[in-house]
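Undergrad: The structure's right below; bear with me while I get my questions together.
We did not get these values from a lab; they are worked out from the coordinates using the rules stated. Owing to the predicted nature of the structure, the values given are computational and were not obtained by experimental measurement. No Cβ is skipped: glycine too gets one built from the backbone with ideal geometry, and neighbour counts run over all protein chains shown.
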Amino acid sequence: MRKVITLSLLACIFIFVSCGEDNKEDKDVILSEKGKLLTSVTWKYDTNASIKGTTDDIEDTTGISADIVLKDDVKSFADFLTGTIKFAIDFNDPSKLSYERKYGKGIFSTSDLGYWNFNEDETAIIMREWDKNAGKELAPVTKQIIELKKDRLIMKDEDGTEHFYIPQ
């Protein structure tokens with residue numbers, strides 16, 4: 001009689017576990033073409049393009065032109081300090097979208113992790129950085145997508161600053 005009860009309990013546990021797995025698969029994120037393009041590469045901050053975008057804005061507003069281009073060691077140092085961003089489907093929970101933003105290189109690097117999603121019409125990315133110390137998400141930040149192509153990503157902050165990225 002004990003064997004029958006034990007086998008019955010094991011069968012029930014197997015059924016419950018199997019049902020739970022099916023539900024998890026239904027919640028996996030399905031990306032649109034825009035989402036697939038965004039997650040296909042690691043995006044590296046393009047320092048010179050971002051500087052040019054800022055100086056073009058200044059010229060439009062004030063009429064003062066500036067042609068600033070970082071070269072050689074200065075560009076290498078600026079590239080070292082600026083970062084990369086990788087958008088992905090979360091490895092641990094396929095029902096979420098996550099990102100990692102890295103600054104610096106090697107042992108001199110630091111990174112921020114968070115979750116992201118598109119707004120309804122996929123014209124903006126809503127990013128929620130994870131605060132490791134507090135153990136919770138920070139307030140969401142929305143970045144408008146100005147341009148997204150396989151060789152360039154331009155996002156605009158809420159304050160109007162444009163950031164240019166290229167595939168790493």
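Undergrad: Listing THR161, THR62 from the residue with the fewest other Cβ atoms within 10 Å to the one with the most, what is the order?
TA: Values: THR161 13, THR62 8.
With the fewest neighbours first, THR161, THR62 line up as THR62, THR161.
Undergrad: Still on this model: Could you give me the ³J(HN,Hα) list for region 153-162, computed from phi with Karplus coefficients 6.51, -1.76, 1.60 and θ = phi - 60°, whole Hz, x at Gly and Pro?
TA: So the Karplus estimates, Gly and Pro as x, are 10, 10, 10, 10, 6, 4, 8, x, 6, 8 Hz.
Undergrad: Still on this structure, please answer the following. Placing unit charges on C-beta atoms (Lys and Arg positive, Asp and Glu negative, everything else neutral), compute the dipole magnitude of region 28-167 about its Cα centre in debye, rounded to 20. Each step should come with its number before you reach the end.
TA: Numbers: 19 positive and 27 negative charges, 124 e Å.
Using Cβ point charges on Lys, Arg, Asp and Glu, region 28-167 gives about 600 debye.
Undergrad: Quick one: which residues, 5+ away or cross-chain, put their amide H under 5 Å from the amide H of LYS96? H built at 1.01 Å from N.
TA: Amide H neighbours of LYS96: VAL29, ASP90.
Undergrad: Run through every distinct alpha carbon pair of region 37-168 and return the Kirkwood hydrodynamic radius in angstroms, one decimal place.
TA: With all distinct Cα pairs of region 37-168 included, I get 16.1 Å.
Undergrad: What distance in nm lies between label points placed 7 Å from Cα along the C-beta direction at SER32 and THR123?
TA: 1.2
Undergrad: Another one. 5 Å is the cut-off here: which amide hydrogens, built 1.01 Å from N in the peptide plane, fall below it relative to ALA124, excluding neighbours closer than 5 in sequence?
TA: For ALA124, the qualifying residues are ASN119, ILE145.
Undergrad: What spacing in nm lies between the two simple spin-label points modelled at GLU158 and ILE146, each 7 Å away from Cα in the Cβ direction?
TA: According to this spin-label approximation, the distance is 1.9 nm.
Undergrad: May I pose another question? Can you sort PHE87, PHE80, PHE108 so the residue with the fewest Cβ neighbours within 10 Å comes first? If you can, show how the numbers build up before the last one.
TA: Details: PHE87 22, PHE80 14, PHE108 9.
Ranking PHE87, PHE80, PHE108 by Cβ neighbours within 10 Å, fewest first, gives PHE108, PHE80, PHE87.
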